[in-house]
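**Student:** After the structure tokens below, expect a handful of questions from me.
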Amino acid sequence: MSLSTVQTYLKPDEAEAAYTATKVDITPTGHAPYTMRVVRVEFESLWIQHVAEGGPRIKHAAQSPTRTFVKFLTVPRGNIVIDGAALPFQAMLRHSQGHRYYDYTADAVQWASMSLPVEQFASAGIAIGGCDLLPPRDPLVVIPSAVAMTGLRQLHSEASALAQHAPWLLAVPEVAHGLEQSLIEALVGCLNQSEVNEASWGQRCHETIMRRFHGILENNPNRPIYVPEICAAIRVPERTLRYCCQDHLGLSPKRYLQLRRMHQAHRALNAAIAAKTTVTEIATRFGFWHFSRFAGTYQSIFGELPSVTLHRPPR
């Protein structure tokens, strides 16, 4: 038997909570409201999802080491940059075990993911394709044959369509089991007959820097962090950090940190009780000292003044 859901999320924190087996932090980078629509099917072992994101964003993800994940685009429109490299439409990404990474989008994008417990994925690789499908030491971009990739996309799309329009069929054990096995076979077929593009030494160095960068942010969730202290903590020149952030985030570190703090302030204002706090208190908590500039930037991002957010009745 399988479990299927179709959900639309209108806030980044709601979208973050929707991920399973992955801890996610989303920072929208556009002025339009961020949205995410997720079609998810959890079979007995295989989990699949189709995600349609509206608007650009930066995401940090930390995957569970107990499952192995693959990701690919479902439509040629839109682009997603993972660990500093764009994912081609004809390719798929094999995540490393417990992969921690940044990715970003410049516009709306649609993508799919599939995951299995590590041991079952390895067993399926041997049984179906006679190949080693243990998670790679480093993330790998693989390019399957066009026929294999088209077949997997079509099968994944059909499973997503059932979840949306005929979920009762997925509740039939025979249907769910047959579809799950077909999807696993198609996935192994893609990975068994593919070219592999391995990351260069330089890319791996930049990934290490970005892991340390995120570690600083993660260890200081309640205070603003600035570029000079980050550079000192991870022992890299500002120029190197700027280059890495431009590759992995699509933004300079200063701009990303400011945007991240702005979204933290937005969440705090949404959660606050107007009678117990002020916009000034929340702005200063997240490192904004020029209040008129803070209000203007806030309005340009969220479409309203911070005082309006603070005084809106709880929904």
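The values are calculated or read from the model by the stated rules, or taken from the named source; none is laboratory data. Here the structure is a predicted model, which means the values were calculated and not measured. Here Cβ is always computed from backbone atoms with ideal geometry, including for glycine, and neighbour counts include all displayed protein chains.
**Student:** Only one residue in 58, 80, 48 is in the same structural domain as residue 178 (by TED's automatic domain parsing), within 17 Å of residue 139 (Cβ to Cβ) and either touching a helix residue (DSSP H, G or I) at 6+ places or on another chain (Cβ under 7 Å) or free of Cβ contacts under 8 Å to residues at least 40 places away in the same chain (or both). Which one?
**Tutor:** None of the other options fit; the residue is 80.
**Student:** Return the residues of region 39-73 that are of a type in the set (Val, Ile, Thr) and buried (at least 18 other Cβ atoms within 10 Å of the Cβ); say none if nothing qualifies.
**Tutor:** 39, 41, 48, 51, 58, 68, 70
**Student:** Just to be sure, is residue 235 at pLDDT below 95, out of contact with any Leu (no Cβ under 8 Å at 6 or more places or on another chain) and among the basic types (Lys, Arg)?
**Tutor:** So residue 235 passes the test.
Here's the yes/no breakdown for (1) under 17 Å from the mean Cα position of the chain (by Cα); (2) in a loop (DSSP other than H, G, I, E, B):
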{"site": "77", "(1), (2)": "no, yes"}
{"site": "88", "(1), (2)": "yes, yes"}
{"site": "93", "(1), (2)": "yes, no"}
{"site": "96", "(1), (2)": "yes, yes"}
{"site": "103", "(1), (2)": "yes, no"}
{"site": "113", "(1), (2)": "yes, no"}
{"site": "119", "(1), (2)": "no, no"}
{"site": "123", "(1), (2)": "no, no"}
{"site": "132", "(1), (2)": "no, yes"}
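**Student:** Can you confirm whether region 112-131 contains a residue that is in the same structural domain as residue 183 (by TED's automatic domain parsing) and more than 25 Å from residue 178 (Cβ to Cβ)?
**Tutor:** Scanning region 112-131, I find no residue that is in the same structural domain as residue 183 (by TED's automatic domain parsing) and more than 25 Å from residue 178 (Cβ to Cβ), so the answer is no.
**Student:** A follow-up question, please. Is region 2-10 home to any residue that is part of a helix (DSSP H, G or I), at pLDDT below 95 and among the hydrophobic types (A, V, I, L, M, F, W, C)?
**Tutor:** Within region 2-10, not a single residue is part of a helix (DSSP H, G or I), at pLDDT below 95 and among the hydrophobic types (A, V, I, L, M, F, W, C).
**Student:** Mind checking which residues of region 217-238 are exposed (fewer than 15 other Cβ atoms within 10 Å of the Cβ) and assigned to a loop (DSSP other than H, G, I, E, B)?
**Tutor:** Matches in region 217-238: 220, 221, 222, 223, 226, 235, 237.
**Student:** Further question on the same structure: Filtering region 11-59 down to residues that are part of a strand (DSSP E or B) and small (Gly, Ala, Ser), which residue is nearest to residue 261 (Cα to Cα)?
**Tutor:** Here the residue is 54.
**Student:** Also, quick follow-up: What residue, of 305, 310, 257, is within 19 Å of residue 33 (Cα to Cα), of a type outside the set (Lys, Arg) and surrounded by 15 or more Cβ atoms within 10 Å (Cβ to Cβ)?
**Tutor:** 310
**Student:** Helices (runs of 4 or more DSSP H) wholly in region 145-204 with at least 1 residues that are at pLDDT 95 or above and small (Gly, Ala, Ser) - which ones?
**Tutor:** 146-165, 173-192
**Student:** Next question. Kindly indicate which of 241, 183, 251, 155 is surrounded by 13 or more Cβ atoms within 10 Å (Cβ to Cβ), in contact (Cβ under 8 Å) with a residue 12 or more places away in the chain and either touching a strand residue (DSSP E or B) at 6+ places or on another chain (Cβ under 6 Å) or over 30 Å from residue 39 (Cα atoms) (or both).
**Tutor:** 241
**Student:** Return only the number of the condition from (1) assigned to a strand (DSSP E or B); (2) more than 30 Å from residue 42 (Cα to Cα); (3) of a type in the set (A, V, I, L, M) that residue 209 does not satisfy.
**Tutor:** All conditions pass for residue 209, except number (1).
**Student:** Please find, among 258, 246, 299, the residue that is part of a helix (DSSP H, G or I) and within 17 Å of residue 59 (Cβ to Cβ).
**Tutor:** 246
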